[in-house]
Amino acid sequence: MSKPRTAAPARRQLRPTDVKRLNRDWRRRTDARLGLLVESVTQPFNIGSILRSAAAFGVEHLWLAGNATTPDHRGVGKTALGSERFVPWEHAGTAAQAAAAVREAGLRLVAIELTGDAQPLHEAPLDGDVCLAVGGEDHGCSPALLAAADAVAYIPQIGRVGSLNVAVATAIALAEARRREWAHDPTP
């Protein structure tokens with residue numbers, strides 16, 4: 001015989017003030033610097049989505065390389081929804097030049113790509129100050145970017161689709177970098 005189910009308390013979405021307070025609490029638990037290098041992502045909606053995720057996870061700087069669409073492109077705003085103003089960015093030239101700029105900023109570079117030596121994202125070296133790198137919609141990270149990376153990670157998938165949209169993959173990787181940091185934080 002099963003127990004009668006008791007009614008759960010009514011849930012409500014947080015008000016904007018509550019959301020700001022919640023985000024401020026998570027910011028206090030965040031010490032690691034997180035950067036992002038985007039190489040040859042050309043679709044404005046992908047750049048806009050990447051910018052929104054970058055702003056949400058506290059990316060301190062965005063380096064663009066190759067023929068990546070810039071945040072000031074008129075089509076980016078549809079998905080960025082104003083978040084582009086929270087992420088400083090620069091077009092750093094080639095993948096090698098962008099990687100050098102990342103290193104000059106004191107960050108390790110971890111490319112998100114499917115390669116023979118890539119580690120699953122949950123095992124990748126994402127601790128400390130790190131910059132994640134993603135590549136273009138059709139071909140991913142260039143050989144030059146992969147050669148410049150300190151490590152390569154991939155996102156494990158069990159479905160029948162071979163890869164994720166670059167903006168989705170970026171959001172997953174950024175979330176994992178922060179989750180890893182927060183998992184080691186003793187503050188409740």
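Which of the residues spanning segment 35-55 are under 18 Å from LEU145 (Cα atoms) and touching a Phe, Trp or Tyr at 6+ places or on another chain (Cβ under 8 Å)? Those that are under 18 Å from LEU145 (Cα atoms) and touching a Phe, Trp or Tyr at 6+ places or on another chain (Cβ under 8 Å): GLY35, LEU36, LEU37, VAL38.
Could you list all residues from segment 97-114 that are of a type outside the set (A, V, I, L, M), in a loop (DSSP other than H, G, I, E, B) and surrounded by 15 or more Cβ atoms within 10 Å (Cβ to Cβ)?
GLU113
Taking every residue in segment 46-57 that is of a type in the set (A, V, I, L, M) and pairing it with any residue that is assigned to a helix (DSSP H, G or I), at least 6 positions away or on another chain, the pairs with Cβ-Cβ distances below 6 Å are ILE50/ALA167; ILE50/THR170; LEU51/ALA80; LEU51/SER83; LEU51/GLU84; ALA55/SER83; ALA55/PHE86. Pairs are defined by a Cβ separation below 8 Å, a sequence spacing of at least 6 or placement on different chains, a first member in segment 156-183 that is touching a residue at least 40 places away in the same chain (Cβ under 8 Å) and closer than 10 Å to LEU121 by Cβ, and a second member that is among the β-branched types (Val, Ile, Thr) and open to solvent by less than 70 Å² (accessible area, probe 1.4 Å); the pairs so defined are ALA169/ILE112; ALA169/VAL134; ALA169/ILE155; ILE172/ILE155; ALA173/ILE112; ALA173/VAL134; ALA173/ILE155; ALA177/VAL130.
Counting only residues that are outside any loop (DSSP other than H, G, I, E, B), of a type outside the set (A, V, I, L, M) and in contact (Cβ under 8 Å) with a residue 40 or more places away in the chain, segment 117-142 holds 3 of them.
For TRP182, are the conditions met, namely being open to solvent by 30 Å² or more (accessible area, probe 1.4 Å) and farther than 15 Å from VAL59 by Cβ? So that I can check it myself, show each step before the final result.
Values: open to solvent by 30 Å² or more (accessible area, probe 1.4 Å): yes; farther than 15 Å from VAL59 by Cβ: yes.
Considered against the rule, which asks whether it is open to solvent by 30 Å² or more (accessible area, probe 1.4 Å) and farther than 15 Å from VAL59 by Cβ, TRP182 comes out as yes.
Among the residues of segment 57-67, is there at least one that is open to solvent by 50 Å² or more (accessible area, probe 1.4 Å) and within 16 Å of the chain's Cα centre (by Cα)? Yes: one or more hits. Taken over segment 130-174, the criterion of being of a type in the set (A, V, I, L, M, F, W, C), surrounded by fewer than 20 Cβ atoms within 10 Å (Cβ to Cβ) and farther than 16 Å from LEU109 by Cα is satisfied by ILE155, ILE158, VAL161, LEU164, VAL168, ALA171, ILE172.
If only residues of segment 1-42 that are open to solvent by less than 80 Å² (accessible area, probe 1.4 Å) and in a loop (DSSP other than H, G, I, E, B) are counted, the one that is modelled with the lowest pLDDT is ALA8.
The values are calculated or read from the model by the stated rules, or taken from the named source; none is laboratory data. Since this is a predicted model, take the numbers as computed values, not measurements. As a convention, Cβ positions derive from the backbone with ideal geometry for all residues, glycine included, and neighbour counts pool all protein chains shown. For accessibility, only protein heavy atoms count, side chains too; no ligands or nucleic acids. Shrake-Rupley method; radii C 1.70, N 1.55, O 1.52, S 1.80 Å.
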